[in-house]
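Written below as structure tokens is the structure these notes are about.
Coordinate-derived values only; no laboratory data. Note that the coordinates shown come from a computational prediction; the quantities given were computed from them, not determined experimentally. With ideal geometry, Cβ positions are generated from the backbone for all residues, glycine too; neighbour counts draw on all protein chains shown.
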Amino acid sequence: MKKILTLAITCCVMMLAKPSSAAIHGTLGACVGATSTLFDSSSSGVMGPGTWSSSNVAIATVGASTGVVTGISAGTAIITFIGTTGTSTAVFTVSPTPSAITGGSTPFCTGTTIALSCSPAGGAWSSSSSIASVSPAGSVSGSGGGTATIYYTVGVGCSASTTVTVIGTPAVDSLTGPSSVCIGGTATYACTTAGGTWSTSSAGIGTISATGVLTGVSGGTVIVSYSVSGTCGTGVRTRAVTVSGSTVAGTITGTTSVATGFTTSLSNSVSGGTWSSSNPAVATISASGVVTGVAVGTTVISYAVSGCSGLAYATTIVTVTAANCISGNVLFSSGAAYYGPVRVWLIKYNPSTLMLTAIDSTYVYASGTSVSYSFCGMGTDSFRVKAACDSTSTPTMGYLPTYHTSSAFWNTATVINHVSGTHDINKNITMAYGAGTTGPGFIGGSVTAGANKGTAEGDPVVNQLVYCINDATGAILQQTYTNSLGQYSFSNLPTGATYKVYPELMNFTTTPYPTISLTASSSSVTAASFRKNTLPKTITPITSGINEVNTNNAGISIYPNPAKGAVNVSWNIATTGTATITVSDVTGRIVLSTTADMTTANGTTKVDVSSLNAGMYLISVKNNGVNYNTKVSIQ
């Protein structure tokens, strides 16, 4: 007996310790008369061996082997699943099915309410549309014409619904017809909305027939109304009509002074008139009222209006002044159209310092192949203009910063010799374009500011524009800017070609890096570096063998100064090769060029300047060992 009892207790303990299965899944609720299928998740959504049961079959029954629960009456029941791995339970709620929604009278008008009801109590009301809103008590308010579905929901989604129709004020289309009529004259008005009636705000000013024919009675403004009545109110459209006995020309407004080559816009409160100029040689005017200054002088601008008493005129005097401007277009014609901001600079040349200085700039916005610019109010002087696509990025190809007329280099830009009180027009800037390249080649280097010590050491020059140029054609292929370390690079260059690298900076004379040849076996150059020399204002390559001389070096001298007829260029320095001697005028234009053999350690060459006008000039002496610039006065 003792052994049997022990075994029984052990079995009991094992059953109590048996792990339970996972929770029951499925919709744990249904309306009375509806069903919901449950499953035990231990079988991965497929019913495993086991038996289903309900704690209260008067509320919900369940198929012993299917798990399909049927709602019998409102309330809750415990659904149990006993399987091979244990027992799972869940509370199942049966909600009553709402009765049909009653009450209210539909359709009903916008701005009114109807009361709806439904049982059992405690449910929630909702609407499918803002056309009709419903309160928690079932009061429905109309907000616009149309239909909406009203729902009453009880428990786990048991609902009833009804459709309500809201009627708004009749919609009336716009009126057509003239905005004015003469006294004693008629005008016809119409509306595509049928069934309306016509009226006016004052029979003493204008009367209107049942068919929309308005008759002018006396001068003034009358409101023409068209009213359409409906179940829920009256819709109205109106139009203001001026009744007059004479033609009204209105008043011309706008700026009545314009410079030659520029425009100003005039307008009039009365529509339908015609613009004209008494002197088109001074100023012309378009059909839309845009006046263009042609020559200095005055002209009478007229606005003619035809009306009840014939033609009437409004006039104003437009004065055309001499323009003191430089203007033109920035043209995008080499590559693709450009859309975006463009910055244009006005640059002045100072003959005293031989320096170019940007004195003004403006932003214009291109939307295709061109955009106009203008600068006004400057005195008599020499100018250059420059444009650049304004972007936060620094693309290696595409449109380049360009001077008028089409130069990417400041020293070959076209000079504008402006006279105060005149208008220099059509000073166009045809934007230079870097076509880009494809290939395995690479050229890189840096630009530093040193002390002319012949080394690569120095402070980095940041944001320095650098060009990569095809040595054979002279075409600019790519552009870039130096980074915070003064470094630049060009990639995707074809091999089997030669290149020049050219840092471009206004007022600085650049010596390109010696020709770089990229081949299949030597496709990369990583130290094509330059030094920016502040005093002589030069940018020169840093290569072995270069021993640069600055402006103040006593090894070069130019005399006499002032000079008349000729100047002497003397050197007392070891150099190699032939030097180029150039003479530039105050605008930066080279007016004379010659050469000198500087292979000897010292010597003198005479430069004939007798053909030059008196004035200040810049003389430059350059070869592989010299870069010397100084000012000379020629009498």
Local electrostatic count at Pro512 - Lys and Arg +1, Asp and Glu -1, tallied over other residues with Cβ under 11 Å: -1
So the FRET efficiency between Ala287 and Ser143, C-beta based with R0 = 30 Å and rounded to 0.05, is 0.05
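Starting from the Cα-Cα distance between Ala614 and Ser523, subtract it from 0.36 nm times their residue separation and give me the gain in nm to one decimal.
Working: separation 91, 0.36 × 91 = 32.76 nm, distance 5.15 nm.
My answer for the length gained is 27.6 nm.
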Name the aspartates and glutamates eligible as straight-distance cross-link partners of Lys631: C-alpha to C-alpha under 18 Å, and not fewer than 8 places from it in the same chain. Asp585, Asp608
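Would you mind ranking Thr580, Thr473 by Cβ crowding within 10 Å, fewest neighbours first?
Details: Thr580 14, Thr473 9.
Result, fewest neighbours first: Thr473, Thr580.
Taking a ≥ b ≥ c as the square roots of the Cα gyration tensor eigenvalues, with a/c under 1.5 meaning rounded and otherwise prolate when a/b beats b/c, else oblate, which class fits the chain? Intermediate values should be presented prior to the final figure.
On the way: a/c = 5.58, a/b = 1.46, b/c = 3.82.
Oblate.
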If you take the C-alpha gyration tensor of the range 325-433, multiply each eigenvalue by 5 and take the square root, what semi-axes do you get, largest first, in whole Å? 24, 15, 12
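Need the full-extension length gain, Thr231 to Tyr365, defined as separation in residues times 0.36 nm minus the C-alpha distance. One decimal, nm. All intermediate terms of the calculation are to be shown ahead of the outcome.
Details: separation 134, 0.36 × 134 = 48.24 nm, distance 5.61 nm.
Once the chain is fully extended between Thr231 and Tyr365, it gains 42.6 nm.
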Extent along principal axes [Cα atoms of the range 435-541; Å; largest to smallest]: 39, 23, 22
The pairs in Lys386/Lys606; Lys532/Lys606; Lys348/Lys537; Lys500/Lys622 lying past 28 Å Cα-Cα in this model are Lys386/Lys606; Lys532/Lys606
First select every other residue whose beta carbon is under 13 angstrom from the beta carbon of Arg343; then total the charges, Lys and Arg +1, Asp and Glu -1. -1
Cα centroid of the range 133-205 to Cα centroid of the range 294-372, whole Å: 51
Rounded if a/c under 1.5, otherwise prolate or oblate - the range 108-167, Cα gyration tensor axes: prolate
Could you tell me how many degrees, from 0 to 90 and to the nearest 10, lie between the Cα long axis of helix 2-16 and the main elongation axis, the longest principal axis, of the Cα atoms of the chain? 50
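Which peptide among 197-203, 301-307 comes first, and what is the full order, when sorted by highest mean count of other Cβ atoms within 10 Å? Don't skip to the end; give the middle numbers.
On the way: 197-203: 15.4, 301-307: 18.7.
Going by the mean number of other Cβ atoms within 10 Å, highest first, we get 301-307, 197-203.
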Only helical DSSP H runs with n ≥ 4 go in: add -39500 (n - 2.57) per run for the chain, normalise by residue count and round the 222 nm mean residue ellipticity to 500 deg cm²/dmol. -1000 deg cm²/dmol
Modelled label-to-label distance, Asn602 and Ser126, 7 Å Cα→beta-carbon offset: nm? 10.5
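Considering all alpha-carbon pairs of the range 35-190, what whole percent are spaced by more than 21 angstrom?
Working: 7701 of 12090 pairs.
When all Cα pairs of the range 35-190 are counted, 64 percent exceed 21 Å.
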